[in-house]
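Have a look at the structure below before the remarks.
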Amino acid sequence: MGDILSQSEIDQLLHALSSGELDAEELKDDGAKSVKNYDFERPSKFSKEHLRTLENIFEHFGRLLSTNLPGYLRKNVSVEVMNSEAVIYQEFTNALSNPVLLGIVDFSPLEGSIIIELAQNLGYAIVDRMLGGEGNPLEKSRDFTEIELAIIERIYNVITNLLPEPWVNVVHIEPRLTRIETNSQFAQIIQPSEMAAIVTMNVRIGVVEGMMNVCIPYSCVEDVIDKLNTKFWYASMQTLDNENYRDVIEVMIARARIPVRAVLGKSTISLNDLLNMQKGDIIKLNSKVEDELSVYVGNIKKFTALPGSSSDSYAVKISSIIREEE
């Protein structure tokens with residue numbers, strides 16, 4: 001943005017040209033300039049509105065990562081979108097270190113692929129954690145082995161499978177991880193001079209912190225670039241079928257497994273009696289045979305029931321439901 005002149009600088013330049021202080025011929029380059037047609041209706045670069053929409057999409061993506069990755073890494077994971085910018089692809093590749101973790105993701109049905117770059121220390125921490133360690137990175141950087149890349153590929157597949165949901169308001173995608181590269185020279189998915197959007201996210205796995213960059217070439221999202229605006233994005237969210245969404249939530253909740261226990265009664269005995277307890281000993285409870293049992297869902301009393309049996313198993317018959325509002 002440093003090449004853009006302010007209004008005062010433009011006025012000074014025009015005044016210098018009109019007064020003869022500055023010769024216009026001196027400003028001309030000796031070499032001929034190449035002319036390229038520019039379509040103002042479909043610009044070949046990302047606007048601020050496009051970048052803002054991408055940030056919204058990847059904020060949703062970050063929340064999915066924060067809730068899904070802990071199930072694989074057994075560590076707290078937090079993901080935060082830092083910023084987004086439009087750069088030339090060559091600038092992105094020149095800034096990459098060596099070795100580097102680059103996941104090439106096919107963005108079907110859109111044309112082309114995107115790149116998900118993961119910081120080296122995050123890669124080492126993932127390998128250490130997946131192999132039973134504390135999730136600590138290496139003190140000295142080195143190349144990744146084939147076994148380590150196979151482990152990291154599992155996490156990359158998890159990350160890739162989470163992409164469709166954040167993009168559903170723009171386009172229904174079916175992303176697929178095609179390969180992982182550790183050398184940026186083998187990740188030339190587009191021309192070096194082509195524009196790309198870079199979304200930078202800060203990823204924290206336990207105490208290890210690093211950056212994850214997502215490179216989205218303009219040619220990849222060119223067909224849906226008109227939909228990359230917040231007005232269209234939020235309008236699409238409001239047109240979702242709320243009934244279907246509620247049904248999906250109900251099905252997911254219905255599949256949740258929660259502990260249920262029926263309490264016959266309570267008693268207090270000494271530690272000495274517990275240690276000397278033998279088969280056939282009797283423990284006196286604080287309830288009677290005809291009393292109803294308390295049934296707990298988790299740690300909350302939700303039902304009362306009568307004891308019984310079903311086939312060869314013990315069972316209880318629900319006699320009343322305890323509702324909080326009552």
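The requirement of being at negative phi, of a type in the set (A, V, I, L, M) and not in a loop (DSSP other than H, G, I, E, B) is fulfilled somewhere in the range 287-295, by at least one residue. On the stretch given as the range 171-191, residues that are farther than 21 Å from LEU110 by Cβ and either outside any helix (DSSP H, G or I) or not assigned by TED's automatic domain parsing to the domain that holds ILE114 (or both) total 2. Residues in the range 149-163 that are farther than 15 Å from THR67 by Cα and of a type in the set (A, V, I, L, M): LEU149, ALA150, ILE151, ILE152. Using the structure shown, decide if LYS33 is out of contact with any strand residue (DSSP E or B) (no Cβ under 8 Å at 6 or more places or on another chain) and either within 16 Å of MET201 (Cβ to Cβ) or modelled with pLDDT under 90 (or both). Yes. Scanning the range 70-96 for residues that are under 23 Å from ASN183 (Cα atoms) and without any contact (Cβ under 8 Å) to a residue 24 or more places away in the chain yields GLU91, ASN94, ALA95. When you check SER320 against the structure, is it among the polar types (S, T, N, Q) and either surrounded by 12 or more Cβ atoms within 10 Å (Cβ to Cβ) or in a helix (DSSP H, G or I) (or both), yes or no? Judged against the criteria, SER320 is not a match.
Okay, residues lined up against (1) touching an Asp or Glu at 6+ places or on another chain (Cβ under 8 Å); (2) assigned to a strand (DSSP E or B); (3) without any contact (Cβ under 8 Å) to a residue 24 or more places away in the chain; (4) surrounded by fewer than 13 Cβ atoms within 10 Å (Cβ to Cβ):
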position: ILE115; (1), (2), (3), (4): no, yes, no, no
position: ARG129; (1), (2), (3), (4): no, no, no, no
position: GLY132; (1), (2), (3), (4): no, no, yes, yes
position: LEU149; (1), (2), (3), (4): no, no, no, no
position: ASN169; (1), (2), (3), (4): no, no, no, no
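Within the range 62-103, restricting attention to residues that are over 22 Å from GLY135 (Cβ atoms) and aromatic (Phe, Trp, Tyr), which residue is surrounded by the fewest Cβ atoms within 10 Å (Cβ to Cβ)? For the range 62-103, the residue satisfying everything is PHE92.
Out of LYS227, LYS231, LYS266, one residue alone is in the same structural domain as VAL100 (by TED's automatic domain parsing), out of contact with any Asp or Glu (no Cβ under 9 Å at 6 or more places or on another chain), of a type in the set (Lys, Arg) and at pLDDT below 90. It is LYS227.
The values are calculated or read from the model by the stated rules, or taken from the named source; none is laboratory data. Everything numeric in this text was worked out from a predicted model, so none of it was measured. Virtual Cβ from ideal backbone geometry, glycine too; neighbours counted across all protein chains shown.
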